[in-house]
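Here is the structure we will look at, set down as structure tokens.
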Amino acid sequence: MSPGDCGKISIFVLVDALGWEHLRNHEFLTDILPFRSPMDTVLGFSSAAIPTILSGQMPEVHAHWCLFKKARFLSCFSWTVPLALFPERLRENHRTRRAIGGLTRVMYRISGYFCLYEVPVSILHRLDYVERKDLWQPGALAGCPTILDALSSRSIPYSTSGWRGTDEVRVELCLNALSRMPVQCCFLYLSELDAALHSFGLDSKQARDELVAASVRIRRLLARAHQLYSQVELFVFSDHGMNAVTEAHDLQSTLASQGPKRSHYLAFFDSTMARFWPKNREIGGQLEEVLSSLSYGRVLSESELSELGLGFSGNEHGEIIFIMNPGHIVAPSFVSNGVPKAMHGFHPSDSFSRACFLSCKELASTPRHVKDMYSFFETQLGLQRE
């Protein structure tokens with residue numbers, strides 16, 4: 001391709017966990033992205049926020065919230081039932097978990113982000129995995145089109161880095177795609193800031209270094225685009241913010257000593273929330289009584305869940321939802337046995353939960369919520385939802 005022959009390109013960069021409050025304390029691409037504003041996000045994690053960004057729909061519509069949900073019938077983990085007969089030291093170890101993950105991924109052709117974390121093998125057969133398809137490919141959300149479906153259905157050329165590999169690998173994929181053929185837009189996903197914030201904290205040198213690394217990679221992509229395209233427009237945004245962890249609570253032990261028997265309910269202990277499926281209403285009442293007595297979190301009502309776009313028609317995502325107060329986490333959890341320096345997934349109303357939107361130009365209408373990104377993509381690319 002000759003320099004400048006390729007017309008216009010829009011570059012969309014999702015920097016995972018680049019929160020508005022965190023961003024305000026750093027100089028990050030201010031010379032090329034002068035127009036910036038906060039965006040509200042969804043309750044949950046990237047597993048909910050990214051589908052919302054790509055589809056413009058809330059989790060109750062696109063059906064992606066947490067990575068794990070209660071299995072309705074047979075799940076991709078049904079084959080693990082016999083493992084319950086194994087001694088705990090053989091069943092609940094990292095080698096077994098890696099083997100289960102690898103076999104499940106192959107057997108069910110899972111192309112999406114897939115990780116078993118510290119989920120007990122003994123309950124896997126009662127759970128199902130949500131993100132089975134690559135979110136950065138068309139057809140990822142069953143019955144709910146994404147911007148990638150819209151582009152593909154119109155045969156509009158685009159490139160995407162996907163989620164696999166390191167940030168450097170994903171940038172190289174986009175650079176190679178731009179050089180290989182003309183595209184109307186490019187989607188780049190950067191995730192290593194999120195990892196640095198979890199491991200080292202908001203004010204750490206490692207987090208500052210990752211911000212610098214992200215800015216260098218974005219500038220490289222921008223420079224290459226300017227060599228090939230006559231008009232280049234850059235937009236950077238995030239899926240959620242990040243909050244410093246101030247205190248950890250062993251919710252599992254609390255419920256073991258004060259709540260009903262564990263065999264009377266299924267639970268999933270995430271880092272900032274816990275979801276429960278009691279055997280019956282009486283057990284549910286006992287759980288809620290204990291949870292309501294805890295000062296570091298609260299049970300979400302059905303009306304609040306609906307307001308948050310989590311009014312699911314079924315109960316596979318949880319019958320009782322307990323959310324931690326900002327800065328407080330569940331530890332140990334099914335995600336990690338340790339305590340991170342920072343975490344996301346708190347209530348969207350907390351200022352540190354807010355995502356951000358950065359633009360190279362002033363817009364008539366700026367996204368105010370991550371779900372508004374779909375409409376922004378449509379407007380920027382001249383599309384209309386069919």
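Data table
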read-out	value
Positive-end extreme of charge dipole, the chain - chosen from Ala142, Gly102, Met181 (charges on Cβ)	Gly102
Gyration tensor (Cα) of the range 68-129, equivalent ellipsoid semi-axes in angstrom	17, 14, 10
Computed E for Leu103/Ile32 - FRET, C-beta separation, R0 45 angstrom, nearest 0.05	0.45
Two-site FRET efficiency, Ser375 against Tyr117, from Cβ-Cβ distance with R₀ of 35 Å, rounded to 0.05	0.55
Lys/Arg +1, Asp/Glu -1 at C-beta; the chain dipole; positive extreme among Ser215, Gly162, Gln380	Gly162
Mean Cβ count within 10 Å, highest first, over the residues of peptides 75-81, 251-257	75-81, 251-257
Candidates His125, His328, His347, ranked by Gaussian network fluctuation over the chain, Cα under 10 Å, top entry	His125
Angle between the chain longest axis and helix 46-55 axis [Cα atoms, degrees, rounded to 10]	40
The range 1-109: trypsin sites (Lys or Arg not before Pro) falling in loop per DSSP and having at most 13 other Cβ within 10 Å	Arg24, Arg72, Arg109
Residue-span extension gain [Arg164 to Glu92] - 0.36 nm each, minus C-alpha spacing	23.3 nm
Most positive-pole-ward Cα, Leu305, His328, Pro367, against dipole of the range 258-386 from beta carbon charges	His328
Relative contact order, percent, the chain [alpha-carbon distance under 8 Å, six or more residues apart]	32
Degrees separating the helix 167-180 axis from the principal Cα axis of the chain, which is the longest one	40
Gain in span if fully extended, Ser153 to Arg24, counting 0.36 nm per residue against the direct Cα distance	42.6 nm
Proximal charge balance of Ser349 [Cβ under 12 Å; K/R count +1, D/E count -1]	-3
Sequence ranges 55-61, 292-298, 45-51, 159-165, ranked by mean other-Cβ count within 10 angstrom, highest first	45-51, 55-61, 159-165, 292-298
For the range 1-50 versus the range 347-367, the gap between their alpha-carbon centres in whole angstrom	9
Structure-based [θ]222 nm, the chain - -39500 (n - 2.57) summed over DSSP H runs of at least 4, per residue, nearest 500	-9500 deg cm²/dmol
Residues listed by number, the range 273-315, amide nitrogen under 15 Å from His264 label point at 7 Å toward C-beta	277-291
Nearest-20 debye value, the chain charge dipole, Cβ charges on Lys, Arg, Asp, Glu	1080
Over the range 249-339, relative contact order from alpha-carbon pairs under 8 Å, at least 6 apart, %	39
Alpha-carbon gyration tensor eigenvalues x 5, square-rooted, for the range 265-351, Å	21, 16, 12
Entries of Lys8/Lys133; Lys70/Lys279; Lys69/Lys371 with Cα pairs more than 24 Å apart	Lys8/Lys133
Crossing angle, helix 281-292 versus the chain [Cα axis fit, 0-90 degrees, rounded to tens]	70
Fluctuation leader among Ile147, Ile329, Ile100 - the chain, Gaussian network, Cα springs under 10 angstrom	Ile100
Separation of alpha-carbon centers, the range 116-150 and the range 304-338, rounded to whole Å	17
At q = 0.08, 0.10, 0.11, 0.14 Å⁻¹, base-10 log of I(q)/I(0) for the chain (Debye sum, equal scatterers on each alpha carbon)	-0.43, -0.67, -0.81, -1.27
Full-extension gain in nm, Asn280 to Ser313, via 0.36 nm per residue minus C-alpha separation	10.0 nm
Burial ranking of peptide ranges 200-206, 189-195 (average Cβ count within 10 Å, highest at the top)	189-195, 200-206
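Each value in this text was obtained by applying a stated rule to the coordinates, not by laboratory testing. Remember, it's a predicted structure, so these values are computed and weren't measured experimentally. Cβ coordinates were reconstructed from backbone atoms using ideal geometry, including for glycine residues, and neighbour counts include every protein chain displayed.
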